[in-house]
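The values are calculated or read from the model by the stated rules, or taken from the named source; none is laboratory data. This structure is a prediction, so every number in the text was calculated from the model and none was measured. Because the Cβ atoms are built from the backbone with ideal geometry, glycine has one as well, and the counts that use them run over all protein chains shown. Just the protein is used for accessible areas: all its heavy atoms, side chains included, with ligands, DNA and RNA removed. Shrake-Rupley method; radii C 1.70, N 1.55, O 1.52, S 1.80 Å.
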Amino acid sequence: MSSSPTFSSPATIFMFFCFFFINLPFSNSLLKSPLINATARRAPRQLSVNYYAKSCPQVESLVGSVTSNMFKEAPASGPATIRLFFHDCFVEGCDGSILISSKAGSKELAEKDAEDNKDIAKEAFEGINKAKAIVESKCPGVVSCADILAIATRNFVHLVGGPYYEVKKGRWDGKLSKASRVHQNLPQSNSTVDQLLKLFSSKGLTSEDLVVLSGAHTIGFAHCKQFVNRIYNYKGTKKPDPYMDPRLFKALKMSCPQFGGNVDIVAPFDVTTPFSFDNAYYGNLEAKLGLLASDQALSLDPRTKPLVQELAKDKHKFFQAFADAMEKMGGIGVKRGRKHGEFRKDCTMHHM
């Protein structure tokens, strides 16, 4: 676990952010709060930990060999893949539709090319494609891209220090991938708790799921554009967000000018342990050190504040709750049958 810097003076916090405000590839590892589209549904009974026990018993080790190497070679692939899985599940359910490339000359772009997905690190997509290629060489036409993404995500959660949990499998790959369906199905950095709860509720998810899954912001980075209004024009007041620690405000202001700044500059969601998967995110919210307005709001609303306080005190409880919530989210919008699903041999294109 990385050590927590001491915010003893504006100079200290400025030095901290000078260190952590860095350019790509870390900017690509941004994670957003998890939401799913209105067509998503809960997991069907066919999902099973042992789904490939006979058809491809080595699938976990095959994917694991790729994720461990990717994490060593490109650490940003970890949080980026976790984000990739969230964004896949959010829009059409957990069906690998975010992996499909747009067709040349097509009027409709695929999900991958939506504005909200453009800054996901290329290493995340490359890692899934590598894993798919290896799995295909051993078990051709058997394992879905959607399941490979789910397994890889669990692996990366564990590699960055988070909980290990069993992944239920049996998802088919989706056939629909439209960029136009992405933006409205992802929360924005200034989403209110009311907006978040309404969206979660429409997917069968609870306020607890909202708080727990938002804990994925224990790792990852956000671009200045995601929080610049908190610094200069909070809710149209032309003043900074009063629920931001003044030292954090000064550090962010130094690195993110209101206009004309470097678009690649980023800041860590978790300013105390940005590279460790832990429960420090929740303690940061209590200390007014949340980066996004949508994160900080969780510690202010009476419907979410108690759980924020609870998870800030109990890392074990957070890990258990996160594992459970990931399983729950991983079953949303699962496709079954050839009417709505397929098994792609190449995750970037529909099976012909």
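Side notes on the structure shown:
- Shape category assigned to region 256-352 from the gyration tensor of Cα positions, a/c cut at 1.5: oblate
- Dipole moment magnitude, nearest 20 debye, the chain about Cα centre, only Lys, Arg, Asp, Glu C-beta charged: 740
- Eligible lysines near residue 138 by straight Cα distance, threshold 18 Å, same-chain separation 8 or greater: 54, 130, 169, 345
- Taking 70, 254 and ordering them by how much accessible surface each has at a 1.4 Å probe, largest first, produces 254, 70.
- Of the trypsin sites (Lys or Arg not before Pro) found in region 59-134, those that fall in a DSSP loop while having at most 14 other beta-carbon atoms within 10 Å are 103, 107, 118.
- On a per residue basis, region 272-323 carries 38 Å² of accessible surface, using protein heavy atoms and a 1.4 Å probe.
- Length released on extending from residue 61 to residue 320, taking residue separation times 0.36 nm less the Cα-Cα span: 90.9 nm
- When the trypsin sites (Lys or Arg not before Pro) in region 184-261 are filtered for DSSP coil states and for at most 11 other beta-carbon atoms within 10 Å of their beta-carbon, the remaining sites are 238.
- Here's the list of lysines a cross-link from residue 112 could span, going by alpha-carbon distance under 16 Å and ignoring same-chain residues fewer than 8 apart: 32, 103, 122, 175, 178.
- With Cα atoms defining each centre, region 122-200 and region 301-352 are spaced 9 Å apart in the structure.
- Count of Lys pairs (Cα-Cα under 30 Å; at least 8 positions apart or interchain) in region 285-338: 12
- Relative contact order for region 278-331, counting Cα pairs under 8 Å that sit 6 or more residues apart, in percent: 36
- Once both labels are positioned 7 Å from their Cα atoms along Cα-to-Cβ, the gap between residue 243 and residue 184 label points is 2.7 nm.
- Tensor-based shape of region 155-212 (alpha-carbon gyration tensor, a/c under 1.5 rounded, otherwise prolate or oblate): oblate
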